[in-house]
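Only one structure is covered here, and it is reproduced in the block below.
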Amino acid sequence: MTCPTQPTASHFINGAYIEDTAGAPIEVIYPATGETIATVHAATPALIEQAIAGARAAQPTWAAMTGTERGRILRRAADILRERNHELSVLETYDTGKPYQETSVADATSGADALEYFGGMAATLTGEHIQLGEDWVYTRREPLGLCVGIGAWNYPIQIACWKGAPALACGNTMIFKPSETTPLCALKVAEILHEAGLPAGVFNVLQGLGEVGAALVTDPRVDKVSLTGSVPTGRKVYAAAAQGMKHVTMELGGKSPLIIFDDADIENAVSGAILGNFYSSGQVCSNGTRVFVHKAIKEAFLDRLGARLSSAVIGDPMDPNTSFGPMVSERQMTIVLDYIEKGKAECARLVCGGARLDREGFYIPPTVFADVTDDMVIAREEIFGPVMAVLDFEDEADVMARANDTEFGLAAGVFTRDLARAHRVAAGFEAGACFINSYNDAPVEAPFGGVKASGVGRENSKAAVEHYSQVKSVYVRMGDLEAPF
Ligand SMILES: NC(=O)c1ccc[n+]([C@@H]2O[C@H](COP(=O)([O-])OP(=O)(O)OC[C@H]3O[C@@H](n4cnc5c(N)ncnc54)[C@H](O)[C@@H]3O)[C@@H](O)[C@H]2O)c1
């Protein structure tokens, strides 16, 4: 496989690619080899101004189109994304290092689902009629205006589409800033949306580090900010948005619990633990990295886990047989290796993995620590890499208290054959996305987002509409109006 056509410039503004080499260069590194595959430039203040002015100017006309018209463009873009799935998946693999085996089924596909879903929904967005005797109130569902989307590096196409699709369906325009680590594929999303008929200025992409994001968030012409990123960045962006009383969606980090009871189907539970820890080399926000396993089945679980992990195909991410790729960057690899050393120093039992692979690229194999206790750093902090912590438990009430004893609240899972217990546990989880006998499913039809420090608002599903539109009420008096004087 060869690197497919790359975007022709760093930014996409007002319906066209645009370059300004005065902006600081940002190298795009292929994580499997460490080679530089592209260079983009951070947006200069002049380009930021151009994007904001263009997106503001385009918004009223876009909002004035019918939902059916807007939706048709989004659905056409979904079709193009699917037609170009191979090309986009290869580019996404170059950008992120995730195996083609994953990108070809989970990235452009998930983006297309969002465009199709919200494209279909655009025509159904209506207000309501409220009768009050003779008088009545009607509501109008109106767009917020100009939305800014800021992305993390683990799912570049998906994040651009999960933010762009509902924003555009509701009649907003968007400026999207991808992560500086993976800047390429959001540009392709913009290109495809315009090929599908999107008017100029409705969806724009600007590159840059945090300071470009901050410039967008603080601009008074921006009405909403949707961030996917870490909790520390979320705190900064939320605080900056609050100064302008802007709407926010915060999709942040997690340290989610996965509870495996002694009556669970062990093979399924092992599958859940693998999907919840090692997909995308562990770089998934909702991962269930605190795996609480009932003492009675702990050794059986670890035996099967070890056997299954030994069949992971670690290697060239472009090879369709490869099921496990490198970390996204040298920096992220170093962060994860530091956590592994902390786990060893805290005397957790290293079951497998635990060191960088001796090959080019940023590879850390699936790593499992057992006998982890709640107070260990590897059980408390988000690692964002392929490191699973296995903790013991015996009592349901005790494990629930421990599962919820965290500042995070993104996701949680339970494996058990006792469905009454499964629903009781799901109800007790302090988390936004829960799974019973499964893990990490994220269909566009289901709301996705966190509680506590993991976030504010929801992406996907009908719930996202609430976060990209606002309701205006109009009171209509049918008779004379009395006043006290
Ligand atoms: N909840 C979710 O849906 C979800 C999904 C994927 C990743 N994440 C989280 O993202 C994190 C990993 O991604 P990351 O390392 O790219 O996160 P990050 O917080 O370092 O960066 C996220 C984005 O914010 C931008 N940014 C940084 N400082 C900013 C500022 N002051 N103002 C505006 N923008 C700023 C960055 O340039 C980047 O585009 C993990 O914590 C992970 O859990 C969450």
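Among Val425, Asn440, Asn460, which residue has its Cα positioned farthest towards the positive end of the charge dipole of the range 417-462, with +1 placed on the Cβ of Lys and Arg, -1 on the Cβ of Asp and Glu, and the dipole taken about the Cα centre?
Val425
In the range 257-436, if the dipole is taken from +1 on Lys/Arg beta carbons and -1 on Asp/Glu beta carbons about the Cα centre, which of Ala273, Leu391, Ala296 is farthest to the positive end?
Ala273
Does anyone have the angle between helix 184-195 and the longest principal axis of the chain? Alpha-carbon axes, 0 to 90°, nearest 10?
Helix 184-195 sits at roughly 40 degrees to that axis.
Only counting other Cβ atoms within 10 Å, I'd like Lys472, Lys342, Lys177 sorted with the fewest neighbours first.
Details: Lys472 11, Lys342 15, Lys177 30.
By the 10 Å Cβ count, ascending: Lys472, Lys342, Lys177.
Listed highest first by mean packing, meaning other Cβ atoms within 10 Å per residue, what order do 225-234, 77-86 come in? Please list the in-between numbers first.
Numbers: 225-234: 21.5, 77-86: 19.7.
So the peptides 225-234, 77-86, ranked by packing, come out 225-234, 77-86.
Charges on Cβ only, +1 for Lys and Arg, -1 for Asp and Glu, centred on the Cα centroid of the range 1-145; of Phe12, Thr44, Thr124, which one is farthest towards the dipole's positive end?
Going by the Cα projections, it comes out as Thr124.
For a distance above 16 Å, tell me the whole-number percent of Cα pairs in the range 191-256 that qualify. Write down the numbers at each step before the final one.
On the way: 1147 of 2145 pairs.
The proportion of pairs with Cα distances above 16 Å equals 53 percent.
What is the magnitude of the charge dipole of the range 253-411 about its Cα centre, with +1 placed on the Cβ of each Lys and Arg, -1 on the Cβ of each Asp and Glu, and no other charges, expressed in debye to the nearest 20? Intermediate values should be presented prior to the final figure.
On the way: 14 positive and 26 negative charges, 91 e Å.
Dipole magnitude for the range 253-411 comes out near 440 debye.
In Å, the Kirkwood hydrodynamic radius of the range 1-62 over pairs of distinct alpha carbons? Present the calculation step by step, with values, prior to reporting the outcome.
Details: mean 1/r = 0.0743 Å⁻¹.
Kirkwood radius, the range 1-62: 13.5 Å.
For the chain, take the longest principal axis of its alpha carbons; what is the angle in degrees between that and the long axis of helix 298-309, to the nearest 10 within 0 to 90?
In the chain, helix 298-309 runs at an angle near 70 degrees to the longest axis.
What is the calculated FRET efficiency for Ala401 to Asp480, with r their C-beta to C-beta distance and R₀ = 56 Å, to the nearest 0.05?
With a Förster radius of 56 Å, E is 0.35.
Per DSSP H run of n ≥ 4, the term is -39500 (n - 2.57); total these for the chain, divide by its residue number, and report the mean residue ellipticity at 222 nm rounded to 500 deg cm²/dmol.
Values: 16 runs with 185 residues, N = 485.
Theoretical 222 nm ellipticity from helices: -11500 deg cm²/dmol.
Could you list, in their original order, any pairs among Lys246/Lys342; Lys246/Lys462; Lys177/Lys342; Lys342/Lys452; Lys98/Lys246 whose Cα atoms are separated by more than 29 Å? Could the numbers behind the result be given before it?
On the way: Lys246/Lys342 40 Å; Lys246/Lys462 21 Å; Lys177/Lys342 34 Å; Lys342/Lys452 26 Å; Lys98/Lys246 34 Å.
Distance filter (> 29 Å) returns Lys246/Lys342; Lys177/Lys342; Lys98/Lys246.
If you rank Glu211, Glu142 by fewest surrounding Cβ atoms within 10 Å, what's the result? Don't jump to the answer; show the numbers that get you there.
On the way: Glu211 11, Glu142 16.
Result, fewest neighbours first: Glu211, Glu142.
Please compute the net charge surrounding Asp135, taking Lys and Arg as +1 and Asp and Glu as -1 over other residues with Cβ under 13 Å from its Cβ.
Details: positive: Arg477; negative: Glu134, Asp480, Glu482.
The answer is -2.
To the nearest 0.05, what FRET efficiency results for Ser473 and Arg82 with a Förster distance of 41 Å applied to their C-beta separation?
Values: r = 40 Å, r/R0 = 0.97.
Approximately 0.55, to the nearest 0.05.
Give, rounded to the nearest 20 debye, the magnitude of the charge dipole that the range 207-252 has about its Cα centre when Lys and Arg contribute +1 at Cβ and Asp and Glu contribute -1 at Cβ.
On the way: 5 positive and 4 negative charges, 21 e Å.
That gives a dipole near 100 debye.
Count the net charge of all other residues whose Cβ sits under 11 Å from the Cβ of Asp263, scoring Lys and Arg as +1 and Asp and Glu as -1. Provide the component values of the computation, followed by the final result.
On the way: positive: Arg417, Arg421; negative: Asp262, Asp265, Asp418.
Once positives and negatives cancel, what remains is -1.
What do you get for GluC sites (Glu not before Pro) in the range 343-446 restricted to DSSP loop and a cutoff of at most 14 other Cβ within 10 Å of the site's Cβ? Write out the running numbers ahead of the final one.
Working: sites: Glu346, Glu360, Glu381, Glu382, Glu394, Glu396, Glu407, Glu430, Glu445; in loops: Glu346, Glu360, Glu381, Glu382, Glu394, Glu407, Glu430, Glu445.
Listed in order of number, the matching sites are Glu360, Glu394, Glu407, Glu445.
To check my understanding: the extent here is largest minus smallest coordinate of the Cα atoms along each principal axis. What are those three numbers for the chain, in Å, largest first?
77, 58, 39
Cα axis of helix 67-83 to longest principal axis of the chain: angle in degrees, 0 to 90, nearest 10?
Between helix and principal axis, roughly 40 degrees.
Give the span of the range 257-436's Cα atoms along each principal axis, as three whole-Å numbers ordered largest to smallest.
48, 31, 29
Could you give the dipole magnitude of the chain about its Cα centre, charging the beta-carbon of Lys and Arg +1 and that of Asp and Glu -1, in debye to the nearest 20?
Details: 40 positive and 60 negative charges, 150 e Å.
My answer is approximately 720 debye.
Each residue of the range 131-144 in order: what ³J(HN,Hα) in whole Hz does its phi give by Karplus 6.51 cos²θ - 1.76 cosθ + 1.60, θ = phi - 60°, with x for Gly and Pro?
Each residue of the range 131-144 in turn: 7, 10, x, 6, 6, 7, 10, 10, 10, 10, 8, 10, x, 7 Hz.
In what sequence do Tyr475, Tyr339 fall when counting other Cβ within 10 Å, fewest first?
Numbers: Tyr475 10, Tyr339 20.
Least to most surrounded, the residues fall as Tyr475, Tyr339.
Bear in mind that the values in this text are calculations on the coordinates, not laboratory data. The model shown is predicted, which means the values in this text are computed figures rather than measured ones. Glycine also receives a Cβ, built like all others from the backbone with ideal geometry; neighbour counts cover every protein chain displayed.
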